[in-house]
Every structure is written in C-alpha cells, then in structure tokens.
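To start, the structure itself, in structure tokens.
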Amino acid sequence: MTEEDSARLGLPLLAPGQAQKELWHNEALALLDIAVQAVVEEVGRDAPPGAPQPGQCWIVGAAPTGDWTGHAGAIAGWTASGWRFVAPRAGLRAWHPASGQEAVHDGAGWRRGDVRAARVLVDGQQVVGARGSAIAVPSGGATIDVESRACVEMILIAMRKHGLIGT
C-alpha cells in the first residue's frame with residue numbers, strides 16, 4: 001500500500017490533475033467487485049484454475065504458484081483484464097457456497113465454519129447464551145430413582161459435549 005492507495009482495501013486513489021483517471025477508477029471498481037460481499041469458489045487453493053470465468057474468486061492458499069505467487073491468503077478474482085488480488089485483513093469475509101459457510105480472516109488466517117456470538121436469538125428470544133457453570137451429576141438423597149438419574153446424567157453429558165455448560 002502507498003499513499004496513493006486506500007488504507008483498508010488498498011484501492012487506487014485518484015490524484016488531482018492525474019491523466020487517464022478512468023484506469024485508476026476502473027481498477028478500484030474491479031477490486032471492490034471482488035471484496036464487497038465476496039463469494040469464493042474454493043478456500044485455500046494454491047494453483048490458479050485453468051479456465052476461470054469473469055467474476056469468479058478464490059481464497060489463495062499458503063503456498064501459491066503460477067500467477068498467484070506472492071499472494072498467499074488473498075482473495076483472487078478473475079476479471080476481463082486478468083487476475084486481481086485483495087489482500088487479507090482482519091474482518092474480511094467471503095461466502096463459500098459449496099460448504100454453505102462463511103470464511104472470515106482473523107488477522108492471522110482464514111477460518112471457515114466458526115460462528116462467534118455472545119448469544120443466539122430465535123424469534124427474539126434468547127435460546128443460547130454464555131456457557132453456564134458446571135452442574136454435578138445427582139448423588140445421594142433418601143429416594144434414589146436410577147432411571148431418572150441416568151436420564152439427567154445423559155442430559156448433562158449432552159450439554160457438556162455441546163459446550164453449553166462447564167465440565
């Protein structure tokens with residue numbers, strides 16, 4: 001990135017009195033077309049595909065080859081003028097339709113399939129919140145119902161397995 005590029009996406013900026021401004025403007029639009037509401041064919045691919053179509057994008061893998069060399073982790077988009085690359089930044093997101101998952105760059109690499117939230121609401125009602133504290137398996141008592149205790153224990157095991165309560 002230079003002073004002639006935007007701070008976040010590295011888009012080329014126009015300068016006063018610049019000749020052929022349409023070239024810079026079109027380059028910025030091509031990069032925006034790749035970055036904004038990105039959709040990628042594949043995540044972590046190292047070699048460019050053989051016959052890309054304009055508008056198709058990929059998240060470049062850690063060991064890129066060919067035309068992608070030097071662009072590890074970037075979103076590579078094919079345009080009528082060839083490859084364009086959007087460098088990864090923390091918070092950059094891309095939809096991967098084949099998996100039905102979103103890929104998010106966390107500043108160190110791309111993570112796919114993670115959902116991060118403080119709580120989950122369904123129809124305005126909270127159904128999942130922060131992890132609760134551990135719950136002990138029932139023991140002791142004057143009347144012991146083995147089947148009820150086994151059922152409660154299975155419920156607790158399932159809740160722990162799903163991370164809803166501590167262990």
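Remark: segment 37-112 carries a charge dipole of roughly 160 debye about the Cα centre, counting +1 on each Lys and Arg Cβ and -1 on each Asp and Glu Cβ. The longest part of the chain holding none of the exposed loop trypsin sites (Lys or Arg not before Pro), meaning those outside H, G, I, E and B in DSSP with at most 10 other Cβ atoms within 10 Å, is 1-115.
Placing a label point 7 Å from the Cα of Ala108 along the Cα-to-Cβ line, the residues of segment 40-75 whose backbone N sits under 19 Å from it are 44, 61-63, 72-74.
Only one of the listed values, (1) 17.4; (2) 16.6; (3) 19.8, was derived from the coordinates as Kirkwood radius over Cα pairs in Å; which label is it? Among (1) 17.4; (2) 16.6; (3) 19.8, the one calculated here is (3). The longest part of the chain holding none of the exposed loop GluC sites (Glu not before Pro), meaning those outside H, G, I, E and B in DSSP with at most 14 other Cβ atoms within 10 Å, is 5-167.
Every number here is computed from the coordinates shown, using simple stated rules; none is lab data. Because the structure is predicted, anything quoted here is derived from the model rather than measured. Cβ atoms come from the backbone with ideal geometry, glycine included; neighbour counts cover every protein chain shown.
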